[in-house]
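**Student:** Can you read through this structure? Questions will come right after.
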Amino acid sequence: MIERRKIALLCALLPLAAVLSAQPYERIERRNFWNAGVNAAGLRMDSVTVSYAELYGRGMQGEFRDTYQAREAWSAGAVAKTIAHRERYSMAGSFSFDHTSGREMCGSMFIRPGFYPVDVLEFTPGRKDLQTYSFTGGIAVDAAPRWRLGGKMEFLAANCAKRKDLRHTNYRLEMKVAPGVMYHKGRTALGLAYVFVKNSESIRAEEVGSTVGTYYAFLDKGLMYGAYEDWEGSGVHLKESGVDGFPVKETMHGVSVQVQQGGLYVDAEYLRSVGSAGEKQTVWFEFSAHRVSSHVGYRFRRGEVWHYLRAEFSWSRQVNDENVLGRETAGGVTVTRVYGSNRIFERRLLRVNPEYEAVFPKGEVRLGAEVSSLRRLATQMFPYGTLQTMTLYRGYVCGERRVGRFDLKGYAAFASGSRTERELEAATETEPGDPPYRLTEYLDWQDEYLSASRVSVGVGVRYRIPRGVYAELGATFVHGFGLRFVGGANRWAETLKVGYVF
């Protein structure tokens, strides 16, 4: 569950409300640090009401892409967001719809590749269409002079369809619920929230009509070790008796604490998750994880300029066990039994993201860096093992300047990384068999896309029409260096937006 959160400031002073209400929604959302966490009671730490609705269209082209991405794709959608404050309560909410279509797509069959510790790949390029619906809502209420209650809910539903054999349809659901409480006195505030998360996805594959060839699939059990065979084979689990497709689910429980003292804000969150692939008696994989994250922010003012210092930390450890299953028949009834399990995969992620922002009366500048360390250990078959360590670096700067009715925007970033891999073999007195199958072509492609050096630049211009209406054009370009496995060095995108701020 690696999603980017927006980090924001603690609270706003009333004299600035009229000025800030004309600023972009994202800037107002960022300035309240509590919006970066899960405790909706923190909505009351701000005072500006703002809303917007937007329609957008986007085109993407280029060969600098991951294995599951399209050479050419387009997307269109709508989004609406609001933050509203009343005398005794505050509310925030959003709704969005997105339709994305890509050509010549294959690779991972999941809607969010890499989210789960197992993956399923297919190899016939074809068109894919993805529709995503999302809803969020939060409310904060003054329950007593120094106490506030809050609640937040996030819901996402997505469906994906591939239009060429091997065809597949996917359905994904995500839900997050977080009730919270806050105690505040003067410039001090303490918060506590419970967090519940549930997500699931199911893949249903099929062939349509008759065909001369055979379609293959690959079940990735970690670092591209796994089973490569006919998609109807038992090793990839896409078509197995008693199981509807390839279902995966995960449930998380956790707690989050928040502390504010003047302009300083700190929160910390812990989540414990358990998940499985399969259903009923037939559960092929069981995985669990510990996740810890934290946000730190500090704000201060010098003249007309507000300065914000932010930092985000996250750490997670996930393990995956493969069950040894067998079927027994007694009295005419066949049941599936679990005889044991083997630890086949482990991954650990550490990420640090410091950021600085300066907001001027007519613009803003943000710059930051990000360092991520990913450690993956695959132990699918005794006595063989593989340990891979990947370190990724990124630095970025972006800004916005108001000139008359125009908002001019710019973005630049540089990213790079390094990768090391070591083969492991446990001591054994018996003669080991052949090592497990590995899909090295896709592994090299994926790892190079993640760690290759690249430069990204983007520009945009927004024209503010009277009465809150605006139109915006933007373009981004990415160029990779020293590529051996990725198909091309360039990728670009263009965006058109029309919206209304109210």
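**Student:** Once neighbouring chains are kept in place and the probe is 1.4 Å, which whole percent of the accessible area of the chain is contributed by carbon and sulfur? Intermediate results must be reported in sequence, preceding the final value.
**Tutor:** Values: 14090 of 23890 Å².
About 59 percent, which is the carbon plus sulfur part of the accessible surface.
**Student:** Using DSSP to call loops (not H, G, I, E or B), can you name the GluC sites (Glu not before Pro) in the range 423-482 whose Cβ has at most 11 other Cβ atoms within 10 angstrom?
**Tutor:** Those satisfying the criteria are GLU429.
**Student:** I'd like the FRET efficiency for GLN131 and GLU425, computed as 1/(1 + (r/R0)^6) with the beta carbon distance as r and R0 of 45 Å, rounded to 0.05.
**Tutor:** 0.45
**Student:** Now, a different point. Taking θ as phi - 60°, what are the ³J(HN,Hα) couplings along the range 104-114 by the Karplus curve (6.51, -1.76, 1.60), each to the nearest whole Hz, with x for Gly and Pro?
**Tutor:** Residue by residue, the range 104-114 yields 6, 9, 8, x, 4, 8, 7, 5, 10, x, x Hz.
**Student:** I'd like to check one number: the per residue accessible area of the range 345-502, probe 1.4 Å, reported in Å² as a whole number.
**Tutor:** 55
**Student:** Roughly how big is the chain's charge dipole about its Cα centre, with Cβ charges of +1 (Lys, Arg) and -1 (Asp, Glu), in debye to the nearest 20?
**Tutor:** Values: 66 positive and 56 negative charges, 578 e Å.
Using only the charged Cβ atoms, the result is roughly 2780 debye.
**Student:** Which of SER418, THR440, ASN353 sits farthest toward the positive end of the charge dipole of the chain, with +1 on the Cβ of Lys and Arg and -1 on the Cβ of Asp and Glu?
**Tutor:** Of the listed residues, the answer is ASN353.
**Student:** Related question: Tell me the label-point distance for the pair HIS290, ILE465, using the 7 Å Cα-to-Cβ offset, in nm and rounded to one decimal.
**Tutor:** About 5.5 nm separates the two model spin labels.
**Student:** Arrange the peptides 63-74, 295-306, 37-48 so that the one whose residues have, on average, the most other Cβ atoms within 10 Å appears first.
**Tutor:** Values: 63-74: 18.2, 295-306: 15.8, 37-48: 26.0.
In decreasing order of mean packing, 63-74, 295-306, 37-48 become 37-48, 63-74, 295-306.
**Student:** In nm, give the distance between the simple-model label positions of PHE313 and LEU192, each being 7 Å from the Cα along the Cα-to-Cβ direction.
**Tutor:** Each label point lies 7 Å from its Cα, and together they span 2.2 nm.
**Student:** Of the listed values (i) 24.8, 92; (ii) 23.4, 84; (iii) 24.7, 84, grab the one calculated as Rg and Dmax of the Cα atoms in Å from the structure here.
**Tutor:** Here the calculated entry is (iii).
**Student:** Per residue, how much accessible area does the range 28-143 have with a 1.4 Å probe, in Å²? Before the final figure, lay out each step's value.
**Tutor:** On the way: 4140 Å² over 116 residues.
Result: 36 Å² of accessible area for each residue.
**Student:** Charges on Cβ only, +1 for Lys and Arg, -1 for Asp and Glu, centred on the Cα centroid of the chain; of PRO125, PHE196, LEU309, which one is farthest towards the dipole's positive end?
**Tutor:** LEU309
**Student:** So what is the calculated 222 nm ellipticity per residue for the chain, using -39500 (n - 2.57) for each DSSP H run with n of 4 or more, over all residues, to the nearest 500 deg cm²/dmol? Please report the intermediate quantities before stating the final value.
**Tutor:** Details: 3 runs with 23 residues, N = 502.
After summing the helix terms and dividing by the residues of the chain, the value is -1000 deg cm²/dmol.
**Student:** Efficiency by 1/(1 + (r/R0)^6): what FRET value for THR440 and GLU26, r their Cβ-Cβ distance, R0 = 41 Å, to the nearest 0.05?
**Tutor:** In this case the efficiency is close to 0.50.
**Student:** Work out, step by step, the length gained on full extension between VAL371 and ARG204: first 0.36 nm times the residue separation, then minus their alpha carbon distance; give nm to one decimal.
**Tutor:** Once the chain is fully extended between VAL371 and ARG204, it gains 56.4 nm.
**Student:** Among GLY233, LEU483, HIS290, pick out the residue whose Cα is farthest towards the positive end of the charge dipole of the chain, where Lys and Arg carry +1 and Asp and Glu carry -1 on C-beta, about the Cα centre.
**Tutor:** HIS290
**Student:** Using the per-residue mean of other Cβ atoms lying within 10 Å as a proxy for protection, in what order, highest first, do the peptides 394-404, 249-259 fall?
**Tutor:** Top of the packing list down: 249-259, 394-404.
**Student:** When the Karplus curve 6.51 cos²θ - 1.76 cosθ + 1.60 is applied with θ = phi - 60°, which whole-Hz ³J(HN,Hα) does each residue of the range 144-157 get, with x for Gly and Pro?
**Tutor:** 7, x, 10, 10, 10, 10, x, x, 9, 9, 10, 9, 9, 10
**Student:** Quote the charge dipole size of the range 196-286 about the Cα centre in Debye, to the nearest 20; the model charges only the Cβ of Lys and Arg (+1) and of Asp and Glu (-1).
**Tutor:** The dipole magnitude comes to about 320 debye.
**Student:** Then there's this: Given a 1.4 angstrom probe, what's the average accessible area per residue across the range 224-342, in square angstrom?
**Tutor:** Working: 5490 Å² over 119 residues.
With all protein chains present, the range 224-342 gives 46 Å² per residue.
**Student:** Which ³J(HN,Hα) values in Hz, rounded to whole numbers, follow from the phi angles of the range 291-303 under the Karplus curve 6.51 cos²θ - 1.76 cosθ + 1.60, where θ = phi - 60° and Gly and Pro get x?
**Tutor:** With coefficients 6.51, -1.76 and 1.60, one gets 10, 10, 9, 8, 10, 10, x, 8, 10, 7, 10, 10, x Hz.
**Student:** If packing is taken as the mean number of other Cβ atoms within 10 Å per residue, what is the order of 343-352, 488-497, highest first?
**Tutor:** 343-352, 488-497
The values are calculated or read from the model by the stated rules, or taken from the named source; none is laboratory data. Here the structure is a predicted model, which means the values were calculated and not measured. Every residue, glycine among them, receives a Cβ derived from its backbone with ideal geometry; neighbour counts consider all protein chains shown. These accessible areas exclude ligands, DNA and RNA; they are computed on the full protein's heavy atoms, side chains included. Shrake-Rupley method; radii C 1.70, N 1.55, O 1.52, S 1.80 Å.
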